[in-house]
Amino acid sequence: IESVRSAYFSQIIDNNQSNPRHLFNTINRLLKVNVGTSLPVSNQLCKDFLNFFSSKIDNVYKLIHAAPASSSIFCSPSFSGTPFSTFSQIDTELLTREVSRMKVTTCLLDPLPTSLFKSCLDSLCPAVLSIVNDSLLTGVVPAALKTAAVTPVLKKQNSDLDNLNNYCPISNLPFFAKILERLVALQPHSHLT
């Protein structure tokens with residue numbers, strides 16, 4: 001039984017070398033790690049986390065603005081190539097190719113499950129293309145795509161659940177925001193290579 005079990009998990013690990021989430025879930029199952037520490041649901045707790053994480057961000061901003069500006073940080077090396085000054089519009093082929101390469105991950109802010117979005121992409125493509133190209137042309141990201149679902153996750157497993165310092169925020173963006181992010185990242189990357 002032990003050798004069959006070992007072979008089973010070895011095959012899972014071999015087949016999922018490029019899927020860290022699946023590997024970690026498998027390892028947690030093997031080690032019998034309890035990863036599901038859930039918090040009580042309450043409006044006050046949500047507000048407490050919001051205030052706590054917001055104050056951490058505010059403190060980082062204050063530290064950045066209080067730090068003396070070093071001119072060496074802002075000096076760019078001499079550049080002799082063509083500068084990257086505008087984003088190009090994308091076409092249906094590029095959009096379809098990039099969306100098909102993306103993992104199926106759904107955020108609670110998504111209006112459609114990602115699997116449904118991907119299966120209906122041919123019908124949704126004109127609207128998606130219009131929004132993406134408008135964003136690339138104007139440099140403005142729609143407000144709905146700048147919103148993330150934030151989940152507080154314990155930094156260490158046996159930490160005090162009541163101490164907010166023991167949590168880190170994990171942001172989950174809507175799938176559409178990930179599409180835009182991916183398409184935007186392609187252009188400077190291809191310009192530099």
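Read-outs: derived from the displayed coordinates by stated rules, not from any lab. Being a predicted model, the structure only gives us computed values, none of them experimental. Cβ sites come from the backbone with ideal geometry, for glycine too, and all protein chains shown count toward neighbours.
Being loosely packed, with under 15 Cβ neighbours inside 10 Å and touching a Ser or Thr at 6+ places or on another chain (Cβ under 6 Å) is the requirement here; does residue 140 meet it?
Numbers: loosely packed, with under 15 Cβ neighbours inside 10 Å: yes; touching a Ser or Thr at 6+ places or on another chain (Cβ under 6 Å): no.
So residue 140 does not fit the description; no.
May I ask you to list the residues in the stretch 118-158 that are within 28 Å of residue 50 (Cβ to Cβ) and not hydrophobic (A, V, I, L, M, F, W, C)?
Once the filter is applied, which keeps residues that are within 28 Å of residue 50 (Cβ to Cβ) and not hydrophobic (A, V, I, L, M, F, W, C), the stretch 118-158 yields 135, 142, 146, 147, 151, 152, 155, 156, 157, 158.
Would it be correct to say that residue 190 is under 21 Å from residue 99 (Cβ atoms) and either loosely packed, with under 12 Cβ neighbours inside 10 Å or among the polar types (S, T, N, Q) (or both)?
On the way: under 21 Å from residue 99 (Cβ atoms): yes; either loosely packed, with under 12 Cβ neighbours inside 10 Å or among the polar types (S, T, N, Q) (or both): yes.
Criteria met by residue 190.
Step by step: first the residues of the stretch 106-134, then only those that are touching a helix residue (DSSP H, G or I) at 6+ places or on another chain (Cβ under 6 Å) and among the hydroxyl-bearing types (Ser, Thr, Tyr), then the one that is surrounded by the most Cβ atoms within 10 Å (Cβ to Cβ). Which residue is that?
114
Does residue 124 fit the bill of being more than 21 Å from the chain's Cα centre (by Cα), in contact (Cβ under 8 Å) with a residue 40 or more places away in the chain and closer than 27 Å to residue 88 by Cβ?
Values: more than 21 Å from the chain's Cα centre (by Cα): yes; in contact (Cβ under 8 Å) with a residue 40 or more places away in the chain: no; closer than 27 Å to residue 88 by Cβ: yes.
So residue 124 does not fit the description; no.
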